[in-house]
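The structure under discussion appears below in the form of structure tokens.
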Amino acid sequence: MPQANENRHIGSKMTDSKYFTTTKKGEIFELKAELNSDKKEKKKEAVKKVIASMTVGKDVSALFPDVVNCMQTDNLELKKLVYLYLMNYAKSQPDMAIMAVNTFVKDCEDPNPLIRALAVRTMGCIRVDKITEYLCEPLRKCLKDEDPYVRKTAAVCVAKLHDINAQLVEDQGFLDTLKDLISDSNPMVVANAVAALSEIAESHPNSNLLDLNPQSINKLLTALNECTEWGQIFILDCLANYTPRDDRESQSICERVTPRLSHANSAVVLSAVKVLMKFMEMLPKDLDYYGTLLKKLAPPLVTLLSAEPELQYVALRNINLIVQKRPEILKHEMKVFFVKYNDPIYVKLEKLDIMIRLASQANIAQVLAELKEYATEVDVDFVRKAVRAIGRCAIKVEQSAERCVSTLLDLIQTKVNYVVQEAIVVIKDIFRKYPNKYESVIATLCENLDSLDEPEARAAMIWIVGEYAERIDNADELLESFLEGFHDESTQVQLQLLTAIVKLFLKKPTETQELVQQVLSLATQDSDNPDLRDRGYIYWRLLSTDPVAAKEVVLAEKPLISEETDLIEPTLLEELICHIGTLASVYHKPPSAFVEGSRGVQHRRLPARAGSGESSESPDVGQPVGAVPDTPPAVIPSQGDLLGDLLNLDLAPPTSSAPTVTPSMQMGAMDLLGGGLDSLMGDESETPHVPSRMETQSPQSPSECSHPELGGDIAGSPAMGAGLASAPVVMPASLGAPVSSGLDDLFDLGGGVGMPTGAFVVPKTIWLPAMKAKGLEISGTFARRAGVIQMELSLTNKAMSVMTDFAIQFNRNSFGLAPAGPLQVLTPLSPNQTTEISLPLSNVGPVMKMEPLNNLQVAVKNNIDVFYFSCQYPISILFVEEGKMERQVFLATWKDIPNDNETQYQIKDCHLNSDAATTRLQSSNIFTIAKRTVEGQDMLYQSIKLTNGIWVLVELRVQTGSPNYMLSVKCRAPEVAQLVYQCYEMVLKN
Amino acid sequence: MIGGLFIYNHKGEVLISRVYRDDIGRNAVDAFRVNVIHARQQVRSPVTNIARTSFFHVKRANIWLAAVTKQNVNAAMVFEFLYKMCDVMTAYFGKISEENIKNNFVLIYELLDEILDFGYPQNSETGALKTFITQQGIKGQHQTKEEQSQITSQVTGQIGWRREGIKYRRNELFLDVLESVNLLMSPQGQVLSAHVSGRVVMKSYLSGMPECKFGMNDKIVIDKQGKGGTTDEAGKSELGGSSGKQSIAIDDCTFHQCVRLSKFDSERSISFIPPDGEYELMRYRTTKDIILPFRVIPLVREVGRTKLEVKVVIKSNFKPSLLAQKIEVSIPTPLNTSGVQVICMKGKAKYKASENAIVWKIKRMAGMKESQISAEIELLPTNDKKKWARPPISMNFEVPFAPSGLKVRYLKVFESKLNYSDHDVIKWVRYIGRSGIYETRC
């Protein structure tokens, strides 16, 4: 039989290519004649010519009837050619296509299974309604044909028909027949049926078409061992959509899928990896099998890297996902990702990405040596990425930072333009990560100032000059040189230049006044860019009114940048893991991003882990599923950041920004009611949260200059909230403001947002236990909301009978607190019921000094009896909103109060910085009048006014880096000092 | 699934265009030509997305094969399919070239119709395809009903890669163990990384449907059998390797689809019905206890700023009875080299300025020998502060044994229906070890 093939080979050698060369005029006419020739050979030649013309894009549809006439033939080759023609042109000539129907129907009855299959296969490809109608009957027969070859073809044909007319397929009951084919004895029929069903199911997301259950899964797993490599892929891809009922089923499927990891076909391997990665999710981690499975995954993934380059690329894109999801699988395999000289560029770039992800202290020396090699290669993109990678290593592995920096310096010495620029961009990030460590290299960087022509590098360099202006003698000259072409620069550079010069001014005010004025006027008056103008105005206003505040804002300590940049967001990562091997995993985008229509819009999720209590993974696993619940608190904008975000927006129409403000305020209020304000407020001061939030905003631009910079200078600084919020109080808008209406809007906003509404509220405690009060249990707390003191009570009926007729009364007390209204319990309290009451209090009741001072004696009456109890209120509920003293008055009062009245306390283990403390205290109506910084120690001067008009003055000393605060309280009524101290303790630590 | 398949020549002219799905229009053909083939820059990715349409391409010589889709297809599968398509075409008409494609375009359309249905790859084993896609055309009519159903059951069956009824007068099989050994060694002779990637290529000329079982000295199998297990049945091959290693640890291996994977997974035995003719039975990778056929000992001395003295010794580390061939040592020289004097004991050495290296070639070298080269390199004085990076010395060679230590223990053939037994089959085993990236730092 091999001899027969030889003959064919020679026979066709000199014939077919000539069909491509006929380009003369009148060709169609000639072809027509030949097609109608009586000679079989001539006919066949003519059809071949027609197909060749069709291939190169010529329109030969005019020959339709003539070609279709050739259909009735015993010659299989000719028949196939005519079919090919039909598939191409039937749609444009639907009426004539009908002529072919008879032949199709007849062929479907042919004794030769190859011809039956050919007919049904071709018919499905002719998208003409009239033909589809005739297709149903032959298809039905073919689905039950005795020959597996016909059945497997018919299975695919159902999918074709569904694509043309979904309703018809359903009405004719083909879906059920297709489902039956899953149990067919022939593995290829099973595989094609699975493929067809999977495709149909995709356009019916909610139908239970595939109906995967343990029985059908078992059938699929059996067929998996027997069918072709392609069939195995269809089955594995289908399996990946199944969610096992429990970890045991999950394990048994995994066990039957793992042999596929040794298949020579990379697609089979990747699809098996997908199934395993997904089902593994359900296995308990302490299971031995879990560890075994992890170990089994690494070798096949490494083997994929010896495939052809295109497949390597697909594999590498997938490994990138797998490494993010389960870093432990490949952590020892760094070396296989080293770039080879002959790798195509797309493989090189992907390998580099994975190298950085796998870099750790253990292998960093090797990685750096490699990266240094790469930085001397030819391809510009690759070299840039390598340089950037060196910077990322420095940020990721602290121990290597020094070596990385010196490597980067070596690279800068090469003077290769793009290398230098890239190096400067990453060095800026290294400065951000390790402040005050590597600034000695600044001189070298400055030497290369002139060669920078890319915006990102220029912006990075300007940032460095501004940030370290005090160490660079000629910082003003350097920045001035940039200023000359200000309007030709890109926005990124302009913004950076503006900030840098303001920084410079704040550091060296005497020499740079002219420069700062110049840049402010360039940014505000000569620029059309709203971002730039707004930032300019903010600086201008800050500088002209309160240079101290300006310093706090502009020179605020920046949050450290995150180590792991450009990680894929966890939910997307999960979805992509479910799409391993597919285009989605290559693009790193969900299918909905590049697939039209309903297909692929379904979002896939990893199954939840079975077993007890193990909701999140151990910390060494990187980005676990469990990390998701951590994010929401960070997403709620705390006030400082909200302002920062607003500053990023265009401020012009205040109305449009209002909605952004309200949700956060409502959020705050809701939290207050829930007693959970601390989470909201705490967020503001915990710097580690800030970078994580920035990351979620821009996961794709890790080292982009503009983002962290704005974040660092304005949004990221907790001082901003306080600084801006206090601004309108201190000075009227007209005072020395250079311009304009837009600014007023800003300060309106500032006032609205910056004013904190709520103070800390102690959780409810039980005041009156049920056993002492014949079944009535009272718990409660005090709060101050919008200037009104509230007593918040929970009344619980733990008796057997209904309670009614509630009333409340206070004994005389130190500050004259009294119920402002009756105790309103609306309905009778039935057994086991609890009611929440908020009782407003006034401070005009009779006064009697109590011991302790904040003691309150209460009487509650109901239909059963009268009960007495006493409770203590935090003094902070007495702090009024008008407690901010004028500076001058403060100074005078402080001096006026005798030193004997000063009491000192120490607050231990408080980890807020002074700015966060300020904000938090302010929400409890403790106002900061001034701040002085002496030798790293922040002195906050604060004032409080009680409801009875007593002023309390406080000096709070915060030593940077020390958790202990010193508190000095001065008051004409020294008895309150202890209570004030308690109040500070409470507010600062909760 | 795959929406269409196009083949272009180097100019971007379409040679073959087959559309499987309605969502792929004629303009897709042009989109790929304009955006990829005629693109000014080098191709940056084998997957290109143009207007929500994804193009996968591979290149063979100057022919482009492109698969098109609008769906979220299995990307690995598409590439595997394109490679397979190339294999099939090569098996039918030899080299993939513009001329061959034009000469066989009818055949290619017929193949495309058969191996891809609605974009789903179907059986693409040439063994099976050649039974019914022959371009003889008329064949259909002369087949008996039995013959027809034999074809269809083979195409759809479990053993889609082999047809029934193959007959040889002489049953014969050839096994080639081809390995490439990779090394990175420090100047002090410490192995920084070493691995072997190997392939077992089989040429089988066997009658009927033979059931084969392949055995090698896989550590897991040998350990399982314990001492005094089965005797070595390879017999026919007395192979090299200096150490008498009993077994080797295989990091990973993959198999041709004919191998029953679940059996390998459970029993670690390799059993299969082979395709007819040549195919790759398995690939494997090892990293432990590799026999490094050559050791390179470099000595570089800088004499002042304008002279460099280099001495390199190579030692062959295998049985003295074996011969290594095609030995080539490439010793890098600095960019500012102005002249080189070389003395070598064996072979020929030459300074090649274009490669910035001294290339030393030795035709043959027996095991347990050593040879030496010394060179004086004169340098032009430069004011370049940067030190010469000293790239590693690399080596090429070919040796007649498997550096991984892999040995074929047996390949048993059973064919119950025909009257030939395992003993009648003539078996040949050959081992070839080649250098991959074999480098020593200096």
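Sort out which residues of segment A:435-456 are of a type in the set (A, V, I, L, M, F, W, C) and more than 18 Å from A:Ile395 (Cβ to Cβ), and write them in order of number. Of everything in segment A:435-456, those that are of a type in the set (A, V, I, L, M, F, W, C) and more than 18 Å from A:Ile395 (Cβ to Cβ) turn out to be A:Ile442, A:Ala443, A:Cys446, A:Leu449, A:Leu452.
In segment A:37-67, which residues are hydrophobic (A, V, I, L, M, F, W, C) and at pLDDT 85 or above? Hits for segment A:37-67 are A:Ala46, A:Val47, A:Val50, A:Ile51, A:Ala52, A:Met54, A:Val60, A:Ala62, A:Leu63, A:Phe64, A:Val67. Out of the residues in segment A:66-88 meeting the condition of being within 8 Å of chain B (Cβ to nearest Cβ) and not in a helix (DSSP H, G or I), tell me which one is surrounded by the fewest Cβ atoms within 10 Å (Cβ to Cβ). Of everything passing the filter in segment A:66-88, A:Asp74 is surrounded by the fewest Cβ atoms within 10 Å (Cβ to Cβ). Can we say A:Tyr981 is part of a helix (DSSP H, G or I) and either at pLDDT 85 or above or surrounded by 22 or more Cβ atoms within 10 Å (Cβ to Cβ) (or both)? Taking the combined requirement at face value, the residue satisfies it. Total residues in segment A:856-889 satisfying the condition of being surrounded by 15 or more Cβ atoms within 10 Å (Cβ to Cβ), of a type outside the set (Ser, Thr, Tyr) and within 51 Å of the chain's Cα centre (by Cα): the figure is 12. In this structure, A:Met96 qualifies as within 26 Å of A:Ser37 (Cα to Cα), in a helix (DSSP H, G or I) and away from every other protein chain (no Cβ under 13 Å). Would you pick out the residues in segment A:818-855 that are exposed (fewer than 14 other Cβ atoms within 10 Å of the Cβ) and either within 23 Å of A:Thr947 (Cα to Cα) or of a type in the set (Val, Ile, Thr) (or both)? Matches in segment A:818-855: A:Gly821, A:Pro822, A:Thr827, A:Thr834, A:Pro840, A:Val844, A:Pro846, A:Met848, A:Lys849, A:Glu851, A:Pro852. Within segment B:405-442, the set of residues being surrounded by fewer than 17 Cβ atoms within 10 Å (Cβ to Cβ), among the hydrophobic types (A, V, I, L, M, F, W, C) and in a loop (DSSP other than H, G, I, E, B) comprises B:Leu418 only. Checking each residue in segment A:785-818 for being of a type in the set (Lys, Arg) and touching a residue at least 60 places away in the same chain (Cβ under 8 Å) picks out only A:Arg785. Filtering segment A:791-812 to residues that are within 29 Å of A:Met848 (Cα to Cα) and outside any strand (DSSP E or B) leaves A:Asp805, A:Phe806, A:Asn811, A:Arg812. Applying the set (1) at pLDDT 85 or above; (2) surrounded by fewer than 19 Cβ atoms within 10 Å (Cβ to Cβ) to A:Phe815 leaves exactly one unmet item: (2).
Listed here are the residues, each with its yes/no results for (1) away from chain A (no Cβ under 12 Å); (2) of a type outside the set (D, E, K, R).
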residue	(1), (2)
B:Gln246	yes, yes
B:Ile250	no, yes
B:Gln257	no, yes
B:Ser266	no, yes
B:Leu281	no, yes
B:Lys288	yes, no
B:Leu292	yes, yes
B:Arg295	yes, no
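For segment A:551-583, a tally of residues being closer than 28 Å to B:Met77 by Cβ, assigned to a helix (DSSP H, G or I), touching a residue at least 12 places away in the same chain (Cβ under 8 Å) and of a type in the set (A, V, I, L, M, F, W, C) returns 4. Each residue in segment B:362-385 was checked for being of a type in the set (S, T, N, Q) and in a loop (DSSP other than H, G, I, E, B), and 2 of them qualify.
Confirm whether A:Tyr438 is modelled with pLDDT under 90, over 19 Å from A:Leu498 (Cα atoms), of a type in the set (Ser, Thr, Tyr) and surrounded by 15 or more Cβ atoms within 10 Å (Cβ to Cβ). Criteria met by A:Tyr438. Could you tell me which numbered condition A:Gly821 fails, if it satisfies all but one of (1) of a type outside the set (D, E, K, R); (2) without any contact (Cβ under 8 Å) to a residue 40 or more places away in the chain; (3) in a strand (DSSP E or B)? If we test A:Gly821 against (1) of a type outside the set (D, E, K, R); (2) without any contact (Cβ under 8 Å) to a residue 40 or more places away in the chain; (3) in a strand (DSSP E or B), just (3) comes out false.
Of the numbered criteria (1) more than 7 Å from every other protein chain (Cβ to nearest Cβ); (2) assigned to a helix (DSSP H, G or I); (3) surrounded by 21 or more Cβ atoms within 10 Å (Cβ to Cβ); (4) not hydroxyl-bearing (Ser, Thr, Tyr), the one B:Ala67 fails is (2).
Applying the criterion of being out of contact with any helix residue (DSSP H, G or I) (no Cβ under 9 Å at 6 or more places or on another chain) and within 11 Å of another protein chain (Cβ to nearest Cβ) to the residues of segment B:34-64, the residue that is surrounded by the most Cβ atoms within 10 Å (Cβ to Cβ) is B:Lys59. A:Tyr965 meets each of the listed conditions (1) more than 22 Å from A:Ile875 (Cα to Cα); (2) within 38 Å of the chain's Cα centre (by Cα) apart from (1). A:Val958 falls short of the stated requirement of being crowded, with 21+ Cβ neighbours inside 10 Å and more than 48 Å from the chain's Cα centre (by Cα). For segment A:261-289, a residue qualifies if it is modelled with pLDDT of 95 or more and among the basic types (Lys, Arg), and exactly one does: A:Lys274.
For segment A:119-150, the set of residues classified as in a helix (DSSP H, G or I), more than 8 Å from chain B (Cβ to nearest Cβ), crowded, with 20+ Cβ neighbours inside 10 Å and not polar (S, T, N, Q) consists of A:Ala119, A:Val120, A:Met123, A:Ile131, A:Leu135, A:Pro138, A:Leu139, A:Cys142, A:Leu143, listed by residue number. Only one of the numbered conditions (1) modelled with pLDDT of 90 or more; (2) in a loop (DSSP other than H, G, I, E, B) is violated by B:Ala39, and that is (1).
The values are calculated or read from the model by the stated rules, or taken from the named source; none is laboratory data. Just so we're clear, the structure is a prediction, and the values are computed from it rather than from any experiment. Positions of Cβ are backbone-derived with ideal geometry, glycine not excepted, and every protein chain shown enters the neighbour counts.
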